[in-house]
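Student: Have a look at this one.
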Amino acid sequence: MSKFDEVKKEIMEDPMNAPYTDRGVEPLFKASKEARIIIIGQAPGRKAEESEMFWNDPSGDRLRKWMGISRDEFYNTSKIAHLPMDFYYPGKAKTGDVPPRKGFAEKWHPMLLEKMPQLETIILVGSYAQKYYLGKKREKNLTETVKNFKEYLPEYLPLVHPSPLNHGWLNKNPWFAEEVVPALQEMVQAYI
């Protein structure tokens with residue numbers, strides 16, 4: 001059993017995850033000792049939970065396009081790890097999904113990150129990941145944090161969520177496609 005399989009077993013045995021384990025739902029993350037990039041998003045969505053594949057939706061399609069890689073490269077390279085802020089679908093809220101559970105990332109991320117010694121950059125997708133990893137280093141809002149992405153490199157690269165619901169944000173902020181996406185693609189190509 002690999003180190004990552006041992007952690008997965010611990011996650012599944014944790015009482016906080018019993019409702020998922022009891023239904024046969026496994027934690028959705030990918031970690032590798034060869035990982036050079038980690039993508040940290042909110043939490044798996046309903047479709048991801050059902051298919052047992054993270055970013056398996058239109059948001060994932062857009063993220064892969066931003067990264068400049070194919071679906072096959074995204075899922076099959078050991079150079080890219082995926083650690084959402086919660087490894088389980090938290091449920092539906094009035095608008096969107098319920099936020100990731102408090103304490104989940106704090107408990108499991110450090111344990112997994114220490115097993116990935118070749119890590120170069122953590123891609124922080126959305127406000128939950130940015131709040132946790134950047135803390136007080138964040139700007140006053142997500143837009144300003146992403147706009148100042150160079151301030152966080154090479155350790156972190158903050159991104160807006162690639163959800164189709166963010167189409168309006170992308171139209172209002174053309175600098176994202178002009179500056180952030182090319183930097184992301186260059187980094188991804190260098191690391192994988």
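Student: Once phi is turned into ³J(HN,Hα) by the Karplus curve 6.51 cos²θ - 1.76 cosθ + 1.60 with θ = phi - 60°, what whole-Hz value does each residue of the stretch 34-41 show in order, with x for glycine and proline?
Tutor: Running phi through 6.51 cos²θ - 1.76 cosθ + 1.60 with θ = phi - 60° gives 8, 4, 10, 10, 10, 9, 10, x Hz.
Student: Rank by packing, highest mean first: peptides 58-68, 85-95, with packing defined as the count of other Cβ atoms within 10 Å averaged across residues.
Tutor: Sorting 58-68, 85-95 by mean packing, highest first, produces 58-68, 85-95.
Student: Where the Cα atoms of the stretch 1-106 are projected onto their three principal axes, how long is each span, largest first, in whole Å?
Tutor: Principal extents (Cα only, largest first): 40, 38, 24 Å.
Student: Here's a follow-up. Quick one: dipole size for the chain, taken about the Cα centre, charges +1 on Lys/Arg Cβ and -1 on Asp/Glu Cβ, in debye to the nearest 20.
Tutor: For the chain, the charge dipole is close to 520 debye.
Student: Any idea what the dipole of the stretch 9-82 comes to, in debye rounded to 20, about its Cα centre with Lys/Arg Cβ at +1 and Asp/Glu Cβ at -1?
Tutor: 440
Student: Round to the nearest 10 and give me the degree value, 0 to 90, for the angle of helix 181-191's Cα axis relative to the longest principal axis of the chain.
Tutor: Roughly 50 degrees between the two axes.
Student: Using a 1.4 Å probe on the protein chains only, how many percent of the accessible area of the chain belongs to carbon and sulfur?
Tutor: That fraction is 50 percent.
Student: Output the 0 to 90 degree angle, nearest 10, between the alpha-carbon long axis of helix 104-113 and the longest principal axis computed from the alpha carbons of the chain.
Tutor: Approximately 80 degrees, to the nearest ten.
Student: Using the per-residue mean of other Cβ atoms lying within 10 Å as a proxy for protection, in what order, highest first, do the peptides 178-189, 158-169, 8-19 fall?
Tutor: 158-169, 178-189, 8-19
Student: Mean residue ellipticity at 222 nm from the helices of the chain, using -39,500 (n - 2.57) per DSSP H segment of n ≥ 4 over the full residue count, to the nearest 500 deg cm²/dmol?
Tutor: -11000 deg cm²/dmol
Student: Once you order the gyration tensor axes a ≥ b ≥ c over the Cα atoms, which shape class does the stretch 36-160 get: rounded for a/c under 1.5, otherwise prolate or oblate by comparing a/b with b/c?
Tutor: rounded
Student: Can I ask one more? Average projected area of the Cα convex hull of the stretch 119-192, in nm²?
Tutor: 5.0
Student: Which of the listed residues, W55, M12, P182, is farthest toward the dipole's positive end in the chain, when Lys, Arg count +1 and Asp, Glu count -1 at the beta-carbon?
Tutor: P182
Student: As I understand it, the dipole of the chain uses +1 on the Cβ of Lys and Arg and -1 on the Cβ of Asp and Glu, about the Cα centre. Which of L142, I37, Y75 lies farthest toward its positive end?
Tutor: Result: L142, furthest along the dipole toward the positive end.
Student: Once the mean 1/r over all distinct Cα pairs of the stretch 46-93 is inverted, what Kirkwood radius in angstroms do you read off?
Tutor: Computed over the stretch 46-93, the radius equals 11.7 Å.
Student: Moving on to the next point. Need one number: % antiparallel among DSSP beta bridges in the chain, to the nearest 5.
Tutor: Beta bridges within the chain, antiparallel portion: roughly 15 percent.
Student: Over the chain, average the accessible area per residue using a 1.4 Å probe and give it in Å², no decimals.
Tutor: 52
The values are calculated or read from the model by the stated rules, or taken from the named source; none is laboratory data. Here the structure is a predicted model, which is why all the values come from computation and not from measurement. Cβ sites come from the backbone with ideal geometry, for glycine too, and all protein chains shown count toward neighbours. For the accessible areas, the whole protein counts, side chains as well, though only heavy atoms, and no ligand, DNA or RNA atoms are used. Shrake-Rupley method; radii C 1.70, N 1.55, O 1.52, S 1.80 Å.
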